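Below is one structure, written out as structure tokens; comments come after it.
The values are calculated or read from the model by the stated rules, or taken from the named source; none is laboratory data. No experiment lies behind these values; they were computed from the predicted model shown. Methodologically, a virtual Cβ is constructed for each residue, glycine included, from the backbone with ideal geometry; neighbour enumeration extends over all protein chains shown.
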Amino acid sequence: MVVNPTIVGMKKISLGPLEQEIMQFVWSKNTSSARQVHDCLSKDREIAYNTIQTVMTRLVDKGLLKRQLEGKTHIYQPVIKRKNALSAIISQAMNSITTQFGEEALVAFVDGLEDISDETRDKMIKKLRQK
């Protein structure tokens, strides 16, 4: 996952699968400690607490999380909203695809949207008319 710096105002970064899971958790809770993230993610698999701490520190370094010390515990908060990150990711992916394959890639994308709801289709049409 790559975040477009022009949308979120930060350097270009990529997120691995564990980083994505951690961000999903923190977005869902708005604030979280590394212990809370570890407790949630370790239900499905073995993962070291130190691994979670390290990855969360990297997310702070990447500008996606901020942390504040409360007592002896770091509390993390997302710096950008999930919706903004998703918009940046989609924008980066679409820019990359259209740069490589041209506008035909957009047509192929639309062709693949046969199973979307009428409501989603209407939203897409409305957005396209606004541009």
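Structure data summary
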{"item": "Odd one out for V79, checked against (1) closer than 30 Å to M56 by Cα; (2) out of contact with any Lys or Arg (no Cβ under 9 Å at 6 or more places or on another chain)", "result": "(2)"}
{"item": "Which listed residue, of I90, I80, I52, is touching a Ser or Thr at 6+ places or on another chain (Cβ under 9 Å) and more than 13 Å from Q24 (Cβ to Cβ)", "result": "I52"}
{"item": "S91 vs. criteria closer than 26 Å to M23 by Cβ and touching a helix residue (DSSP H, G or I) at 6+ places or on another chain (Cβ under 7 Å)", "result": "yes"}
{"item": "Test: residue in the stretch 56-63 that is of a type outside the set (A, V, I, L, M, F, W, C), under 14 Å from L18 (Cα atoms) and at pLDDT 90 or above", "result": "yes"}
